[in-house]
Amino acid sequence: MRDLAFAAAGAAAVLVLVAIARSLAARGRSRVARRRARVARDGEVAAVELLAAAGFEVTATQAVHAWSLTVDGEPHEASLRCDYLADRDGERWVAEVKTGGEAPRLGNAATRRQLLEYQVAYGAVGVALVDATTGVVHEVRFELAPTAALTVPPPALVAPARWPWLAAGLIAGAAAAAALLSG
């Protein structure tokens, strides 16, 4: 009976420790999320001044756009929300604010795809990518006109599969080892 009570107390202690650990982990995640949100909010506030200094006039904030598309012949709508719409010299621009080290870089595929989607969906001439961390506004324009055919290497330049050679080498090695061991 004492062993059963000891096991129950041990199980209860483990459950309490797990609950405490989960609570602390959640608190840490929410603290990080709050900090990220604060940095992003501060970046968006600073972006208005950065855009004005670059000659842009902000015309809309958190502009929502419903984008119609067709999937397998069925109509669908996708909703987009950009940070800002801005005009400069009578041209419409989308302004996207990014903070941190990786997000503002065009080497980041997710950022590049987002900017392309915004330019197309909002019918803008380009996207003003505001790097709020460094205080720089980059003007990004995607060439949307059809380009020359894709460059595909000719079949002779495609490297042959190597696994058949590896398999043949393994079989030959096993046969040679078997012959040495048997004789």
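The values are calculated or read from the model by the stated rules, or taken from the named source; none is laboratory data. Since the structure is predicted, the reported quantities are computational estimates derived from the model, not experimental observations. Because the Cβ atoms are built from the backbone with ideal geometry, glycine has one as well, and the counts that use them run over all protein chains shown.
Counting only residues that are more than 14 Å from Ala132 (Cα to Cα) and of a type in the set (D, E, K, R), which one in the range 32-58 is modelled with the lowest pLDDT?
By that ranking, first place goes to Arg35.
Considering only the range 111-131, I want to know if a residue exists there that is modelled with pLDDT under 90 and either under 18 Å from Ala54 (Cα atoms) or surrounded by 10 or more Cβ atoms within 10 Å (Cβ to Cβ) (or both).
no
Got a sec? Which of Thr61, Thr70 is surrounded by 12 or more Cβ atoms within 10 Å (Cβ to Cβ), at pLDDT 85 or above, polar (S, T, N, Q) and part of a strand (DSSP E or B)?
Thr61
Report, by residue number, each residue of the range 96-109 that is outside any loop (DSSP other than H, G, I, E, B) and either touching an Asp or Glu at 6+ places or on another chain (Cβ under 6 Å) or over 15 Å from Phe142 (Cβ atoms) (or both).
Residues satisfying the conditions are Glu96, Val97, Lys98.
(1) modelled with pLDDT under 90; (2) surrounded by 10 or more Cβ atoms within 10 Å (Cβ to Cβ); (3) closer than 30 Å to Gly90 by Cβ: which one isn't true of Ala145, the others all being true?
Among (1) modelled with pLDDT under 90; (2) surrounded by 10 or more Cβ atoms within 10 Å (Cβ to Cβ); (3) closer than 30 Å to Gly90 by Cβ, Ala145 violates only (2).
From Glu102, Glu96, Glu117, Glu91, which residue is of a type in the set (Asp, Glu), closer than 19 Å to Glu57 by Cα and under 18 Å from the mean Cα position of the chain (by Cα)?
Testing whether each residue is of a type in the set (Asp, Glu), closer than 19 Å to Glu57 by Cα and under 18 Å from the mean Cα position of the chain (by Cα) leaves just Glu96.
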